[in-house]
Every structure is written in structure tokens, then in C-alpha cells.
Amino acid sequence: MPAGSSKLLNRASTAPDSAEWIDGFLFVGNRPILDLVNTKPILAKGPTELLPDFHAVERWLIASGTITSAKAKNRLRTWRHSPQAEAFRKQLITFRERLRDTILRIENGSAPSDDFVKDLNSRLLRHPLPTALRRVDGQLVREPLFDPCELADLWAPFVNAAAELLSETNTTRIRQCEGCIVHFFDTSKKGSRRWCSMNICGNKVKVAAYQRRKRERPSRPKSR
Ligand SMILES: [Zn+2]
């Protein structure tokens, strides 16, 4: 990992099928920044906004492991009902939708737009993510040091993870599920992952294909 970059929202998650839903949010993207894009899924009742208020943003930050310390959780709570919190949420939704457009472009083989890169660059300048060295089993590892003191600091993990996703990974591994609108980063050995999750879409698509084959198969004459 290059110096100074963040794994905060880009760290690989554990087994793909483990804990797909955490506190009402879907985590199947292998990159939490993609799971942010997936916070407007199509559920039984149609497209559903999973971040309808700042409290939901707070819950997502905790569910994704972005906010872990009790101190930071307390700060989030004190910001919850401020007008700035709602303004932040609205801007985050706008950013999420622009990131979604960018992801769709990449999946279609195009590069991110200059406008998006310019916007991201200006946010990276304004919201740097400090890092610190920590000893793990005698080895020094460089980790993001995310301690938001004010609301605007919450941008740091989002914009740094987005920049990392667009610049440091094999972008051909960014894909959309064949059965729904969810995006994921394919970490499978063969690079052949097709679904957001076997539980959610994999089985659904397989059953539909089976039924289609069954319908198309000419029925055998009945023996008497
Ligand atoms: Zn799916």
C-alpha cells in the first residue's frame, strides 16, 4: 500500500458471504466505498434510500467499521440534529450518485469524467486523511488515523477511499451484479464473480434460468 493512502473504506472484507447485512445495510462490495454506492438498493417496494437521515449515516459509518471509537461515536451523536448534519447527508448523497455514475462508466469501459476527478481532487485537498504507525506482531503497519473533530472531517474516509478505488485497483474487477443494481469488487481468484451474493441474486438467477430451460424444452410425448 503506498504511503499515505487509506484502507479505511477500501479494506477487503472477510468471506464474501459472511455478514451480508449489518444493521440494515448491505456489505457485499468487498470495498465499503462500493457498499456506500449500494445504499440505494431496489428492494421489494422499489428503489429504497437507506440513508434517509443523518442517524442512518451514523449507523452506516459504524456498521462499515469506519467509526469505531466511543469518543467518535459520541461526537456523531452530538451532531445528529444539527442543520449541518442534514446538509452533510445531502452532499454525501450527491457524491454517492456522482460516484455511481463514475462506477457505471468504468463498468462500460470508459474513464471517470474530468469533472468528477477535479471535484475529487479538490475534496482530497480539503480533507486529507492522516496516518500513523502501529506495531502489529512486532511489525510496523501504517494505518489511517481517523478521528473526526468536526462534521466536515467525515469527508476524509469517503473521498480517500473513492480516490484509491479509481486509481489503485484493477478497475476491470469493479462490476455490477447480473441480477440487480448492486456493485462489487471481484476478489475471486478467477475473476468470475457474477452476483452481489449467492443468497440474494445467485439463486434467483439460477432458478430463473432453470425455469426458462424447462419451458423451452419440448415436452415429451406421454407413453401409454
Ligand atoms: Zn444482485
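The values are calculated or read from the model by the stated rules, or taken from the named source; none is laboratory data. Quick caveat: nothing in here was measured; it's all calculated off a predicted structure. Cβ coordinates were reconstructed from backbone atoms using ideal geometry, including for glycine residues, and neighbour counts include every protein chain displayed. Quick note on the areas: whole protein, heavy atoms, side chains included, nothing else; ligands and nucleic acids left out. Shrake-Rupley method; radii C 1.70, N 1.55, O 1.52, S 1.80 Å.
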What whole-number distance in Å separates the alpha-carbon centres of the stretch 185-199 and the stretch 20-46?
15 Å
Cleavage-rule hits, trypsin sites (Lys or Arg not before Pro), the stretch 44-83, DSSP coil, Cβ neighbours within 10 Å at most 14:
45, 80
Please go through the stretch 145-210 and write out the trypsin sites (Lys or Arg not before Pro) that DSSP classes as loop and that have at most 11 other C-beta atoms within 10 Å.
189, 190
What do you get for GluC sites (Glu not before Pro) in the stretch 129-173 restricted to DSSP loop and a cutoff of at most 12 other Cβ within 10 Å of the site's Cβ?
150
When the helix-only estimate is applied to the chain (DSSP H runs of n ≥ 4, each -39,500 (n - 2.57), divided by the residue count), what is the mean residue ellipticity at 222 nm, nearest 500 deg cm²/dmol?
-13000 deg cm²/dmol
What is the gain in length, in nm to one decimal, between residue 207 and residue 126 on full extension, counting 0.36 nm per residue of separation less the C-alpha to C-alpha distance?
24.3 nm
Within the chain, what whole-number % of the accessible surface is contributed by carbon and sulfur, with the 1.4 Å probe and all protein chains included in the calculation?
52 percent
Between residue 145 and residue 171, what length comes free when the chain is fully extended (0.36 nm per residue of separation minus the Cα-Cα distance, one decimal in nm)?
6.7 nm
Measuring from its Cα centre, the chain shows a charge dipole (+1 at each Lys and Arg Cβ, -1 at each Asp and Glu Cβ) which, in debye to the nearest 20, is 1520 debye
Put +1 on the Cβ of every Lys and Arg and -1 on every Asp and Glu Cβ in the chain; which of 104, 68, 79 then has its Cα farthest towards the positive end of the dipole?
104
Links that overshoot a 28 Å alpha carbon limit, given the list 45/118; 189/214; 40/214; 40/204
45/118; 189/214; 40/214
Rounded to whole Hz, the Karplus (6.51, -1.76, 1.60) HN-Hα couplings of the stretch 93-101, x for glycine and proline:
5, 4, 4, 4, 5, 5, 5, 4, 4
